[in-house]
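Here's the structure, in structure tokens; my notes come after.
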Amino acid sequence: MIALIDFGAGNLKSAEHAFSQLGSTRVIERPGEITGDTKALVLPGDGSFRSAYERLVETGFSDYLKNENLRPLLGICVGYQLLFDFSEEDGGSPGLSLIAGNVKKFPRSVGKIPHMGWNQVAIKENKKSSPLIQGVQDDDFFYFVHSFYSELTPSSQSAELLSCDYGFPFCAAVEMKNISGFQFHPEKSHDLGRKLLKNFVEEVKAC
Amino acid sequence: VIPCLDIKEGRVVKGVQFENITDAGDPVENAVFYDRAGADELVFLDITATHEERGILIKLVERIAENLTIPFTVGGGLRTLEDIIAITRAGADKVSLNSAAVKRPELITEGAKLFGSQCIVLAVDAKRVGSSWHVFVRGGREDTGLDVLTWIERGEKMGAGEILLTSMDRDGMKNGFDLELLQEVSKRVNIPVIASGGAGTAEHMADGIALGKADAVLAASIFHFRELSVAQVKQTMKDRGIWVRQ
């Protein structure tokens, strides 16, 4: 069973539908709802980083996830950004610190903000064989909606799977041990997005 | 490339210059067809939404969300923050506000605060009046006297994340977008502009991007009556050097 964490963000429905088609899926609001048959956790959704993090602290998910180092955890969009140490959004807020890095606002010079729409990704060197991105090729399109991007540190650089370019290259997907995340919305990225979610679910089943 | 589905009483319909409505099929069936055909996003506008029909629309949005793998926007008759919340909860990625935003611009800000600017599309029905364009509301029936360019700049400041700009003069005419209107609007805002109203050919669609400087192009009738496919539009764009997802 895959558990989607509801932290009050918008549009949980799309992620829920997408995962439901791949296997047993449940939306949970408290860590207490995590059961023995919960094989993986997903942090999905749009919304503001700060209010999302506050909600994770309130519900106890923040402590839970920081100590959880066995189950696979997938972050999507804001859920992906929450994996990092800190975000500049809304005056600044700490994140879950599961992957080293900071979330920063795109400068005005890149063009229209938010970066919204379909954009192409490039697979990082030595990452072509990662099971999570099987089926993806350089220049494939995914659907992005975000005003902030993550900047990895030298220690986490090797976690980057996919990069995207919006004025400059930024990280579009990460994977480090049991933690992974997509800056774009796989649940809104047509067949290829669904393929990524399927890859994740299959990896989980193989665990 | 965004096909638009006008919805009336749970069916897809299409009119010319906001009138002479004809039936064009089941919304979910249409939506899935466009999803498979390579559409980048979809827009659903409930053109006759009354309070009683709101329940039907929400059920429909839920069904659409279950069946789509691309983003979609829902608009038409959304009046309150509660409407925005209900439609978003039902699975829409974005909501488009039109008359309600003119009546109470704070609604844009409130929606953007709750779900982010990317969720709030400001839909503007523009019609040439003298040497400028006026904002029309209530399905194009009422001239607000507001200047389109002034209103759009204000909308961006209030928190809109995108502009859906429909030329009422061109809507359903199939003689191309109002490129002058598009250029004027695109120049003034730093958020994406979707061109709507008037596209009759793939070349028109490409013109909207290349000449009108729009970020996306929307059409309804030419897609619904299968006069043109999404793939044809994208091929034409590609041939003209426009960067587009194939």
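The values are calculated or read from the model by the stated rules, or taken from the named source; none is laboratory data. None of the values given here were measured: they were computed from a predicted structure. All Cβ positions, even for glycine, are placed from backbone atoms using ideal geometry, and neighbour counts span all protein chains on display. Heads up: the accessible areas ignore ligands, DNA and RNA and are worked out on the full protein's heavy atoms, side chains in. Shrake-Rupley method; radii C 1.70, N 1.55, O 1.52, S 1.80 Å.
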Distance in nm between B:Lys113 and B:Arg89 label points, each 7 Å along Cα→Cβ, equals 1.9 nm
Just to confirm my numbers, what's the Cα centroid distance between the stretch A:145-207 and the stretch A:76-109 in Å?
14 Å
Just how much of A:Lys39 is accessible, in Å², when a 1.4 Å probe is used and the result is rounded to the nearest 10?
110 Å²
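Relative contact order for the stretch A:35-84 using alpha-carbon pairs under 8 Å, separation at least 6, rounded to a whole percent?
57 percent
Taking DSSP loops as anything outside H, G, I, E and B, show the longest stretch in chain B free of chymotrypsin sites (Phe, Trp or Tyr not before Pro) there with at most 11 other beta carbons within 10 Å.
Working: sites that count: B:Phe225, B:Trp243.
Counting at most 11 other Cβ atoms within 10 Å as exposed, the longest clean stretch of chain B is B:1-224.
For B:116-128, what's the mean count of beta carbons from other chains sitting within 10 Å of each residue's beta carbon? Could the numbers behind the result be given before it?
Working: counts 10, 5, 10, 5, 0, 0, 0, 0, 0, 0, 0, 0, 0.
Taking all residues of B:116-128 together, the mean is 2.
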Per the helix-only calculation at 222 nm, which mean residue ellipticity applies to chain A, given -39500 (n - 2.57) for every DSSP H run of n ≥ 4 and division by its residues, nearest 500 deg cm²/dmol?
-6500 deg cm²/dmol
Residues whose modelled amide H sits under 5 Å from the amide H of B:Asp6, counting only those 5 or more places away in sequence or on another chain, are B:Val13, B:Leu45
Residue by residue through the stretch B:87-100, the couplings from Karplus 6.51 cos²θ - 1.76 cosθ + 1.60 with θ = phi - 60°, in Hz, x for Gly and Pro, are 5, 5, 4, 6, x, 6, 7, 9, 10, 10, 10, 10, 4, 5
Using a 1.4 angstrom probe, figure out how much accessible area the stretch B:103-245 has per residue, in square angstrom, rounded to the nearest whole.
41 Å²
Note on the stretch A:162-207: C-alpha Rg/Rh, Kirkwood Rh, two decimals, gives 1.02
Could you tell me which of B:Ala220, B:Val230, B:Met205 has its Cα farthest along the dipole of the stretch B:203-246 towards the positive end, charges placed at Cβ (Lys, Arg +1; Asp, Glu -1), taken about the Cα centre?
B:Val230
Remind me, relative contact order of chain A in percent, using alpha carbon pairs under 8 angstrom and six or more residues apart?
19 percent
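Mean residue ellipticity at 222 nm from the helices of chain B, using -39,500 (n - 2.57) per DSSP H segment of n ≥ 4 over the full residue count, to the nearest 500 deg cm²/dmol? Working shown, then result.
Working: 10 runs with 93 residues, N = 246.
The per-residue figure over chain B is -11000 deg cm²/dmol.
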Can you give the charge dipole size of the protein assembly as shown about its Cα centre, rounded to the nearest 20 debye, using +1 on the beta carbon of Lys and Arg and -1 on the beta carbon of Asp and Glu?
300 debye
Through the Karplus equation 6.51 cos²θ - 1.76 cosθ + 1.60, θ set to phi - 60°, convert the phi angles of the stretch B:103-115 into ³J(HN,Hα) values in whole Hz; use x for Gly and Pro.
5, 9, x, 4, 4, 4, 4, 5, x, 5, 4, 6, 10
Counting only protein heavy atoms, probe 1.4 Å: which residues of the stretch B:28-48 lose 30 Å² or more of accessible surface in the full assembly compared with their chain by itself?
B:Arg36
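Loop-only check: which GluC sites (Glu not before Pro) in the stretch B:115-178 are DSSP coil with at most 16 other Cβ within 10 angstrom? Intermediate values should be presented prior to the final figure.
Values: sites: B:Glu142, B:Glu153, B:Glu156, B:Glu162; in loops: none.
In loop regions of the stretch B:115-178 (DSSP not H, G, I, E or B), there are no sparsely surrounded GluC sites (Glu not before Pro).
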GluC sites (Glu not before Pro), restricted to the stretch A:121-164: which are DSSP loop and have at most 13 other Cβ atoms within 10 Å?
A:Glu125
Note down the accessible area of A:Arg50, probe 1.4 Å, to the nearest 10 Å².
80 Å²
Distance check, please: which entries in B:Lys59/B:Lys94; A:Lys112/B:Lys234; A:Lys128/B:Lys94; A:Lys39/B:Lys94 exceed 27 angstrom between their Cα atoms?
A:Lys128/B:Lys94; A:Lys39/B:Lys94
Can you give me the accessible area per residue for the stretch A:1-115, using a 1.4 Å probe, in Å²?
39 Å²
Can you give me the three principal axis dimensions of the protein assembly as shown from its C-alpha atoms, in Å, biggest first?
65, 47, 40
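Which value, in debye to the nearest 20, gives the size of the charge dipole of the stretch B:76-188 about its Cα centre, when Lys and Arg are +1 and Asp and Glu are -1 at the Cβ?
Working: 16 positive and 17 negative charges, 24 e Å.
With Lys and Arg at +1 and Asp and Glu at -1, about 120 debye.
Can you put B:Met173, A:Met116, B:Met237 in order of accessible area, largest first, using a 1.4 Å probe? Kindly include the intermediate steps, with their values, before the conclusion.
Values: B:Met173 90, A:Met116 35, B:Met237 5 Å².
Heavy-atom accessible area, descending, gives B:Met173, A:Met116, B:Met237.
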With every protein chain present, what accessible area does B:Asp215 have (1.4 Å probe, heavy atoms only), rounded to the nearest 10 Å²?
80 Å²
Here the membrane-span-like helices of chain A, with no claim about any membrane, defined by DSSP H, Cα axial extent at least 27 Å and mean Kyte-Doolittle at least -1.0, are none
Treating only the Cβ of Lys, Arg, Asp and Glu as charged (+1, +1, -1, -1), what charge dipole size does the stretch A:99-159 show about its Cα centre? Round to the nearest 20 debye.
280 debye
